[in-house]
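Taking it in order: structure first as structure tokens, then the write-up.
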Amino acid sequence: MTVLSVRHLSKSFKSGFFEPAYKVLADISFKIEKGRATGFVGLNGAGKTTTLKCILGFIRPQSGSIELNRQSLGYLPERPCYYDFLTAKEFLEFFWKLSVDHSDGFEKACDNVLKEVGLLDSKHVLLKKFSKGMLQRVGLAQALIHHPEVLILDEPMSGLDPDGRIRIKEILFRQKALGRTIFFSSHLLSDMEELCEDLVIIHKGKIVYTGSLESFKKTESLESSFKQLRQQLEGRG
């Protein structure tokens, strides 16, 4: 079953009033299947974050269509905004109250999700005292607190030390086991290779591969296969 369908999406930006528009996304199409983990791969500037912002409705594309059930969606941006003066509990309660359908049951949900990300003992600690890894986990907690069917994560392991990456991967493995659909971007191909069944690869605003990770890898590692693809694409100019 398809939970996210992107069809012929295009997006351009203007750098100045007299400058011509720069095309960031050029007629991209792909699908994400229910219950699978899909990695969104591309070099810096390839169009990953712009694609995610279009999917989430933060910006409007010039053309194309997106089908996604936003009522059951958890999202972690690449650079989440954390309020230093809030505790972990207060931070989660803020996001909880943004949902009209979840007025009751916060205390239990808060404890459950903080336990899931390994921060229950830090429930009443101010976020300004959190490490980078702890902030990333509380950010993931807000994405999980409403038990979403689909998780969209933008660079969830970026900037973390090895221990922090392991903790995030453990959480995502458990979410996969619960049957949640995960769509995440990353530059860390080794982590993606461990977590994903499928890949969507974007290069200079165009989708160059969509399908299973195993089919893309064939007999080589993901890093080796991606390097070969990159060389082919750069060779085309």
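What follows draws every value from the coordinates through simple rules; no lab data is involved. In this text, all values refer to a predicted model and were calculated from it rather than measured experimentally. Cβ sites come from the backbone with ideal geometry, for glycine too, and all protein chains shown count toward neighbours.
Summary table
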quantity: Bins of 10 Å from zero: percent of alpha-carbon pairs in region 126-237; calculated: 12, 41, 31, 14, 3, 0
quantity: For region 204-237 and region 4-75, distance of Cα centres in Å; calculated: 20
quantity: Extension gain from ARG174 to MET1, taking 0.36 nm per residue of separation minus the Cα-Cα distance; calculated: 60.2 nm
quantity: Square roots of 5 times each gyration tensor eigenvalue, C-alpha, region 29-149, largest first, Å; calculated: 28, 17, 13
quantity: Taking the chain and dividing mean pair separation by its residue count, relative contact order in percent (alpha carbons under 8 Å, at least six apart); calculated: 26
quantity: Alpha-carbon Rg/Rh ratio, for region 189-230, with Rh computed the Kirkwood way; calculated: 0.93
quantity: Cut-off 10 Å between beta-carbons: net charge of the residues surrounding LYS123, Lys and Arg +1, Asp and Glu -1; calculated: -1
quantity: Relative packing of 88-98, 52-62, which averages over residues the other C-beta atoms within 10 Å, highest first; calculated: 88-98, 52-62
quantity: Burial ranking of peptide ranges 220-230, 14-24, 174-184 (average Cβ count within 10 Å, highest at the top); calculated: 174-184, 220-230, 14-24
quantity: Per-peptide average of other Cβ atoms within 10 Å, ordering 120-129, 70-79 highest first; calculated: 70-79, 120-129
quantity: Positive minus negative residues near PRO77 (Lys, Arg vs Asp, Glu; Cβ under 13 Å); calculated: 0
